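Taking it in order: structure first as structure tokens, then the write-up.
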Amino acid sequence: MSATNTAGAIDPSATLAVRARGVRKVFGSGALAYEALRGVDFDVAQGEFMMLVGPSGSGKTTLLSILGCVLTATAGEVSLFGERIDTRKERDLPLIRRALVGFVFQGHNLIASLSAVDNVRLVLEARGTPRRQSRAEAEELLARVGLADKRWNRPGELSGGQRQRVAIARAVAGAPPLVLADEPTAALDAHAGLEATELLLEVCRERGSTVVVVTHDNRIYHLADRIVHIEDGHIIDAPQETP
Amino acid sequence: MNAPDVQARLRAARGGRLTRGFATTILAVRMMLFDKAKFIGTVLGVVFAVVLANQQLGILFGLLQKNTMLVDNAGADLWIVPPNTTSAAPGQRMSTQLLYQAQQTPGIARASALVMAGTSIAKPGGGSEAITLIGVDLETMLGGPWNIVAGDRANLRHVDTLFFEDAQRDKFGGINLWSVREVGGYRVRVGGFTWGLQPFGPPYTFASLDTARTLVGMPTDQLNFVLVTLAPGADRAAVIAALRTAIPTADVISREDFHSLIVRNLLKDQLGVSFGTSTSFGLIIGFIIVALSMFSSVIDNLREFGTLKAIGLTNLDLTRMLMVQSVLYAAIGSLIGLGLVGFMAAGISSANLAVIVPHWLVLLTPCVMTGLCMLASLLALRRVRKLEPGMVFR
């Protein structure tokens, strides 16, 4: 059960996984400056499966990148599970990513030279999981996403849907408390896209992970606990203030 | 998840460096081997550099050895040479007085004259070939011959007998043991053969002192060098100082110093520039191939490197990956390259041309190539370090 509903409101008593206040992001400078985020206030409750939707260029991927610590905000406050990340030095961000965040990318972004199981193991071992344990965990995860028999295949030997399953297994490997997915259905047909999102929802629920999905695929909206609209760098459904 | 849980996860992620290091090392190897064409191209770049540099250095060392072999094999501890001598070659003559002065110097076991002069051997069908005639003292045999492949040194006691270079037998008109030829207008006999004693100039031919003087028309009171061996326990520096005092009109030089002098002189004025250029050329070409190949590999896999950064690998992790690849490229390329050099050296080495690849060069090559590959990877490394992990969302 999540602390939210699809109508957009977040339970004020919910513990927050993500808290963003007044987040601005400006790309470039001078006359070429472009403000992608214009003071975003944004909360995600722990355990929530949230979708961030909006048209192209609305700033949703920029916001996701900032939450994933792969981009720093120009201004504003961002916390993950109470840990301020906007005040952290850039060299600390890889550590936060390793510890707290799992990613599902639009184009799978699997390492072409590694088998499915090694792609998953890499994330585990990057977090310090011993090799023997990482293999067992990775095989278990791939079995969970229905790819036990394909675990030694390289990405080039898998279909688009299978690759996205590997990407989901990689994202949840080590049970990161926050999983960020960028257009996870973009490279898939309608059926495979829905299946992949359902799978993401299931495995994240099993592990208690909070999920933020950036999408403009309305065929998967019904899976969300809550949908937040972003347009022109502003959140349309503003969160309620939390104490 | 509360604050202590977050801190615990951060602590756990901060650890495990060894596991992460091992994982990224394996990843580096797999990424390197995955694009086979690029892998082979890069290894070939290293092989090219190793082969060209080692082959050129091997020939250089061979040529240097050809020019120092007389000094190295004469059996003398010290050489008394005409002033400003820079090579063991025919040149200025000195008086035999020097020999007697040397023999009377304390600390000396033996001192012998050496005659060295250019002359020619007449061929039966007409024409002649140049030779470098070396006259040695048959009592001490200081100065040669060595590398004898036929005949006995004692044959030189015959007044008209010479030792010739085996590799030149055909060139000298098909000579065999006890063949009769004409040297310097005198009839001589072939008493033996040496192998590979060919310096830059004409091949060495050995005779007794008297025979050599006769053949080149040198008076008996002249010589070219005095070769000295030290008495057991003698202080080399003291003997050199004593000889320099006793013989101020000549230079006294130890075997090692004479060897170094010849090498220095050849490298400075002749061989250094040409072989240095070709060796550097090989290394530079190898460097460029490796640098471009590694850079293009990074560009091709930019998204993968971005993904690695996004999942939390640090610049240090990625630097280690490129360094691992550099070391492997260097190791594999050096191994193949040195193998090829070994085959080539065996194939092209002859009495005329020695290709010498010393052990230290074999050991040094992988080290140099590792440094070179690491340097070549800097361009790729710069690109990887500047890569923003956010690119994975674009």
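For the range B:354-363, the set of residues classified as at pLDDT 85 or above and either buried (at least 16 other Cβ atoms within 10 Å of the Cβ) or farther than 10 Å from B:N54 by Cβ (or both) consists of B:V357, B:P358, B:H359, B:W360, B:L361, B:L363, listed by residue number. Of all residue pairs spaced 6 or more apart or on separate chains, those with beta-carbon atoms under 6 Å, a first member in the range A:60-71 that is under 21 Å from A:D217 (Cα atoms) and a second member that is of a type in the set (F, W, Y) are A:T61/B:F393; A:S65/B:F393.
Filtered by the rule that a residue be of a type in the set (S, T, Y) and open to solvent by 20 Å² or more (accessible area, probe 1.4 Å), the range A:44-61 gives A:S56, A:T61.
What's the total number of residues in the range A:68-124 that are small (G, A, S) and not in a strand (DSSP E or B)? Looking only at that region, the number is 9.
Of the residues that make up the range B:61-72, is at least one touching a helix residue (DSSP H, G or I) at 6+ places or on another chain (Cβ under 8 Å), small (G, A, S) and either under 18 Å from B:G191 (Cα atoms) or crowded, with 18+ Cβ neighbours inside 10 Å (or both)? No: the range B:61-72 contains no residue that is touching a helix residue (DSSP H, G or I) at 6+ places or on another chain (Cβ under 8 Å), small (G, A, S) and either under 18 Å from B:G191 (Cα atoms) or crowded, with 18+ Cβ neighbours inside 10 Å (or both).
For beta carbons closer than 9 Å, sequence separation of 6+ or different chains, a first residue in the range A:129-148 that is assigned to a helix (DSSP H, G or I) and a second that is among the aromatic types (F, W, Y), the qualifying pairs are A:R131/B:F22. The single condition among (1) farther than 24 Å from A:A224 by Cβ; (2) among the basic types (K, R); (3) more than 7 Å from chain B (Cβ to nearest Cβ) that A:K60 does not meet is (1).
Of everything in the range B:379-394 that is open to solvent by 60 Å² or more (accessible area, probe 1.4 Å) and in contact (Cβ under 8 Å) with a residue 60 or more places away in the chain, the residue that is farthest from the other protein chains (Cβ to nearest Cβ) is B:L379.
Just one of the listed residues (B:V239, B:V159, B:V226) is outside the structural domain of B:A354 (by TED's automatic domain parsing) and open to solvent by 40 Å² or more (accessible area, probe 1.4 Å), namely B:V159.
Could you tell me whether any residue of the range A:28-43 is in contact with a Ser or Thr (Cβ under 8 Å, 6 or more places away or on another chain), within 14 Å of another protein chain (Cβ to nearest Cβ), free of Cβ contacts under 8 Å to residues at least 24 places away in the same chain and surrounded by 15 or more Cβ atoms within 10 Å (Cβ to Cβ)?
The answer is no, given that none of the residues of the range A:28-43 is in contact with a Ser or Thr (Cβ under 8 Å, 6 or more places away or on another chain), within 14 Å of another protein chain (Cβ to nearest Cβ), free of Cβ contacts under 8 Å to residues at least 24 places away in the same chain and surrounded by 15 or more Cβ atoms within 10 Å (Cβ to Cβ).
Contact annotation: residue pairs with Cβ atoms under 8 Å, 6 or more positions apart or on different chains, pairing a residue in the range B:263-289 that is open to solvent by less than 30 Å² (accessible area, probe 1.4 Å) with a partner that is modelled with pLDDT under 80, are B:L266/B:G272. Evaluating A:R98 against the criteria (1) more than 7 Å from chain B (Cβ to nearest Cβ); (2) crowded, with 21+ Cβ neighbours inside 10 Å; (3) among the basic types (K, R) leaves one unmet condition, (1). Restricting attention to the range A:104-117, and to residues there that are at the interface with chain B (Cβ under 8 Å from one of its Cβ atoms) and not hydrophobic (A, V, I, L, M, F, W, C), which single residue is farthest from B:I26 (Cα to Cα)? Filtering the range A:104-117 for residues that are at the interface with chain B (Cβ under 8 Å from one of its Cβ atoms) and not hydrophobic (A, V, I, L, M, F, W, C), the one farthest from B:I26 (Cα to Cα) comes out as A:Q106. Each residue in the range A:67-91 was checked for being open to solvent by less than 60 Å² (accessible area, probe 1.4 Å), more than 9 Å from chain B (Cβ to nearest Cβ) and within 18 Å of A:P177 (Cα to Cα), and 4 of them qualify.
Looking for something part of a helix (DSSP H, G or I), in contact with a strand residue (DSSP E or B) (Cβ under 7 Å, 6 or more places away or on another chain) and touching a residue at least 12 places away in the same chain (Cβ under 8 Å) - is there at least one such residue anywhere in the range B:81-97? No: the range B:81-97 contains no residue that is part of a helix (DSSP H, G or I), in contact with a strand residue (DSSP E or B) (Cβ under 7 Å, 6 or more places away or on another chain) and touching a residue at least 12 places away in the same chain (Cβ under 8 Å).
Scanning the range B:311-323 for residues that are within 14 Å of another protein chain (Cβ to nearest Cβ), not in a loop (DSSP other than H, G, I, E, B) and not polar (S, T, N, Q) turns up B:L316, B:D317, B:L318, B:R320, B:M321.
Taking the criterion of being part of a helix (DSSP H, G or I), among the β-branched types (V, I, T) and closer than 20 Å to B:G143 by Cβ, the residues of the range B:222-262 that qualify are B:V239, B:I240, B:I262.
Filtering the range A:153-205 to residues that are of a type in the set (A, V, I, L, M), outside any loop (DSSP other than H, G, I, E, B) and within 27 Å of A:E83 (Cβ to Cβ) leaves A:A167, A:I168, A:A169, A:A171, A:V172, A:L178, A:V179, A:L180, A:A181, A:L200, A:L201, A:V203. The single condition among (1) more than 20 Å from B:D5 (Cβ to Cβ); (2) in contact with a strand residue (DSSP E or B) (Cβ under 9 Å, 6 or more places away or on another chain) that A:S56 does not meet is (2). Looking at the range A:120-143, which of the residues that are closer than 17 Å to B:A28 by Cα and facing chain B (nearest Cβ under 10 Å) is most open to solvent (accessible area, probe 1.4 Å)? Within the range A:120-143, the match that is most open to solvent (accessible area, probe 1.4 Å) is A:R131. For the range B:1-42, residues that are closer than 30 Å to B:F343 by Cβ and crowded, with 23+ Cβ neighbours inside 10 Å total 2. Just the residues that are among the hydrophobic types (A, V, I, L, M, F, W, C), within 14 Å of another protein chain (Cβ to nearest Cβ) and open to solvent by less than 20 Å² (accessible area, probe 1.4 Å), please, taken from the range A:169-196. Scanning the range A:169-196 gives A:A169, A:A171, A:V172, A:A173, A:L178, A:V179, A:L180, A:A181.
The values are calculated or read from the model by the stated rules, or taken from the named source; none is laboratory data. Bear in mind the structure is a predicted one, so any value in this text is a computation, not a measurement. Note: ideal-geometry Cβ built from the backbone for every residue, glycine included; neighbour counts use all protein chains shown. In case anyone asks, the SASA skips ligands and DNA or RNA and just uses the protein heavy atoms, side chains included. Shrake-Rupley method; radii C 1.70, N 1.55, O 1.52, S 1.80 Å.
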